[in-house]
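What follows is one structure encoded as structure tokens, with my remarks underneath.
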Amino acid sequence: MKQIKVVLAGATAVAALSGLALSSSASAAQPQSAQSRTVASKAVVQPASEQAVAQKSSPAKSESRVLGAGVMDGHRWSAALVYYPKTPAGYAPGHNPKELLCIAVTVDGKPTNPYGEECMSVTGPHDPSGDLGDYGQDYYAGGSSLFFGQPLAHVASATMTFGNAPSITVPKVTIPGTDFSAYVIPVAAHLQMKNLYEYDSHHHLVSQQKL
């Protein structure tokens, strides 16, 4: 089973993010019991260097949807789920997968990687490997991070609770015409992650895990 890779970005790649721009709720429902899952790390094909990508003049066609965006500590960030029906020629020369699914992050208008922090090989827009209920977390300078989820098909939203702050609830976002979906939760450096709950469209608990 494929798993999301946890990526540590260099301090020079992204400025420290310490605020929170997405909406948050005052508290999260605490279920009596539910099946728990363990945070996994996904093996991915490593992208080519920015220098190799720059040699390609025409960008590859892609389909994408924004997962989240905001301003934290004076820095504007965004994250998007991107599907490449044909892998960009500059991506991992010599062993390109046929198609690619990535989570692309930008900070202050600049991408942290040419194609995305999290990329995985897929086969067609309905490849089940893009829907495995996996998680990943990308850390940036100063200790802030973005927590990504690629949930099971019937998940509609996710709520993260903290030991020292109100909970955050975000929706799952799906690329139309595909089975690829994800969500992102920004976690400021001072926040103490506690639990993650995923719900279906009727707000019935699907899964939970202790962080």
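The values are calculated or read from the model by the stated rules, or taken from the named source; none is laboratory data. As the structure is a computational prediction, the values presented were derived from the model and not from experiment. All Cβ positions, glycine included, derive from the backbone under ideal geometry; neighbour counts span all protein chains shown.
Data for the structure
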| read-out | value |
| --- | --- |
| All positions within region 194-206 that are surrounded by fewer than 18 Cβ atoms within 10 Å (Cβ to Cβ) and part of a strand (DSSP E or B) | K194, L205 |
| Region 176-192: number of residues that are surrounded by fewer than 19 Cβ atoms within 10 Å (Cβ to Cβ) and under 21 Å from V107 (Cβ atoms) | 3 |
| Any chance E63 is closer than 19 Å to D179 by Cα, acidic (D, E) and either surrounded by 17 or more Cβ atoms within 10 Å (Cβ to Cβ) or touching a strand residue (DSSP E or B) at 6+ places or on another chain (Cβ under 8 Å) (or both) | yes |
| Filtered residues of region 105-118 (kept if in contact with a Leu (Cβ under 8 Å, 6 or more places away or on another chain) and modelled with pLDDT of 85 or more) | V105 |
| Unmet requirement for S121, which otherwise passes all of (1) of a type in the set (S, T, Y); (2) touching a Phe, Trp or Tyr at 6+ places or on another chain (Cβ under 6 Å); (3) more than 17 Å from A79 (Cβ to Cβ) | (2) |
| Some residue of region 139-149 being touching a residue at least 24 places away in the same chain (Cβ under 8 Å) and touching a helix residue (DSSP H, G or I) at 6+ places or on another chain (Cβ under 7 Å) | no |
| Residue tally, condition in contact with an Asp or Glu (Cβ under 9 Å, 6 or more places away or on another chain), basic (K, R) and without any contact (Cβ under 8 Å) to a residue 24 or more places away in the chain, over region 66-111 | 0 |
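Rundown of residues vs (1) touching a strand residue (DSSP E or B) at 6+ places or on another chain (Cβ under 7 Å); (2) at pLDDT 90 or above; (3) exposed (fewer than 14 other Cβ atoms within 10 Å of the Cβ), yes/no style:
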residue	(1), (2), (3)
S49	no, no, yes
P59	no, no, yes
L67	yes, yes, no
M72	yes, no, no
W77	yes, no, no
P85	yes, yes, no
Y91	yes, no, no
